[in-house]
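Written below as C-alpha cells is the structure these notes are about.
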Amino acid sequence: MVVAAKKSLGQNFLKDASILKKIIDAAEISPTDTILEIGPGKAALTTELLKVAGEVIAVELDQRLIPLLRVEFCHHRNFKLVHGDALKFTPPSTPYKIVANIPYYITSPLLNHFLLEQFQSGNPPEMIVFMVQKEVADKIIAKREKDSVLSMEVKIFGEPEIVTYVPKEAFEPRPKVDSAVIKIRVYDKPKFTGDLKKLIWLMHISFSQKRKKLVNNLEGPLKINKDEIRKILTSCEINTDVRAEDLTLEEWQKLFNELHSNPHSF
Ligand code: SAM
C-alpha cells in the first residue's frame, strides 16, 4: 500500500516478522476468538490475526487506509472494518480480546475506555496485548519503578506482564522511542469494590504531587483537614507519613471505604 505515514496519527508501521509472531503467540488466539484490532494501518498485524482468529474487527481512524483495507481483505468473511475513533468504539457484547500496535498518544485513554468504562458497562475484554512506549510499559508493570495512577488502574482490572521489548528498527518509519509489547490478562471482576470513577479520582488527587505525603495531597481536594485525614489513615492501619506510591491495592480499598463512610470527605 502506498500511503505516506502520518505522524499525527502515530503511524509507525511494524515490519519485523518476529515481533508480529510474538504478539500473536502472546494473545493465545483460538479459532473461535473475536479480536478487536485498534489501528490496522497497513495490515501487517491484521494479516497474521486473520490466519488464526475466528473474527477480526479492525477500527481505523485514517480515512485514506479504509479503501485499501477493504480491497485487501474483501475475500475474508471473518474481517469487519470500522472507520472511526477507537476511543468512541463500543466493543462487541460477546467475549473479545484486544490485540494491537496502537498509536502511543492514546495509551492512557484507551486503557481507560476499554478497562474502566467497559467494566462499568459490563463489557471488558478478556485480554489486551498491545504495543506501547517502553517507558510506559515499565511504568505499568512497576517492577523497578514505584506505582502510579496508571499502574494502579491496570492492576485493578488485570495482571500485566511485558511480552518483549521492541527496538525502533522494527518499525517504518522509525519512532523516536523504544517500545514494548505488554499483555494484560483481564480479571472477571475488578479487584476493588465501590465506585471505580471515584477511586480513580482519589488516586489522581493522591498522586498529584508525587514527592508530597498523601496527607498533603489530599488536604485541599477533600473537604476535611489534615488531622482528620491522619485519623482516617490510622484507622486504616496506614502510616500517616506515607506517599501515594507506597499504598497497596488493599490499602486503597480500606482508605476509600473509610473516606466514603465519612460524610464530609467525598
Ligand atoms: N497496526 C499497524 C502496524 O502494526 O503496522 C499500524 C500501527 S500504527 C502504530 C497505529 C495505527 O492506528 C495507524 O494506522 C493510525 O492511523 C491508527 N489510529 C490512530 N489513532 C486512532 C484512533 N483514535 N482510533 C483508531 N485508529 C487510530
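The values are calculated or read from the model by the stated rules, or taken from the named source; none is laboratory data. Every value quoted in this text rests on a predicted model; they were computed, and no experiment measured them. Glycine also receives a Cβ, built like all others from the backbone with ideal geometry; neighbour counts cover every protein chain displayed. These accessible areas exclude ligands, DNA and RNA; they are computed on the full protein's heavy atoms, side chains included. Shrake-Rupley method; radii C 1.70, N 1.55, O 1.52, S 1.80 Å.
Beta carbons closer than 7 Å, at least 6 apart along the sequence or on distinct chains, pair a first residue in the range 9-21 that is free of Cβ contacts under 8 Å to residues at least 60 places away in the same chain and under 11 Å from Met131 (Cα atoms) with a second that is more than 8 Å from the ligand (Cβ to nearest atom) and in a helix (DSSP H, G or I) for Leu20/Glu48.
Test Glu245 against the stated conditions and say whether it is surrounded by 14 or more Cβ atoms within 10 Å (Cβ to Cβ), in contact with an Asp or Glu (Cβ under 6 Å, 6 or more places away or on another chain) and touching a residue at least 40 places away in the same chain (Cβ under 8 Å).
Numbers: surrounded by 14 or more Cβ atoms within 10 Å (Cβ to Cβ): yes; in contact with an Asp or Glu (Cβ under 6 Å, 6 or more places away or on another chain): yes; touching a residue at least 40 places away in the same chain (Cβ under 8 Å): yes.
Criteria met by Glu245.
Scanning the range 108-140 for residues that are open to solvent by 10 Å² or more (accessible area, probe 1.4 Å), farther than 17 Å from Asp195 by Cα and small (Gly, Ala, Ser) turns up just one, Ser108.
Exactly one residue out of Lys80, Lys42, Lys6 is of a type in the set (Lys, Arg), surrounded by 14 or more Cβ atoms within 10 Å (Cβ to Cβ) and over 26 Å from Pro124 (Cα atoms): that is Lys42. Count of the range 29-43 residues, restricted to those that are away from the ligand (no atom under 16 Å from the Cβ) and either within 22 Å of the chain's Cα centre (by Cα) or not in a loop (DSSP other than H, G, I, E, B) (or both), is 2. So which residues in the range 44-79 are assigned to a loop (DSSP other than H, G, I, E, B) and among the aliphatic types (A, V, I, L, M)? Listed by number, the residues that qualify are Ala53, Leu61.
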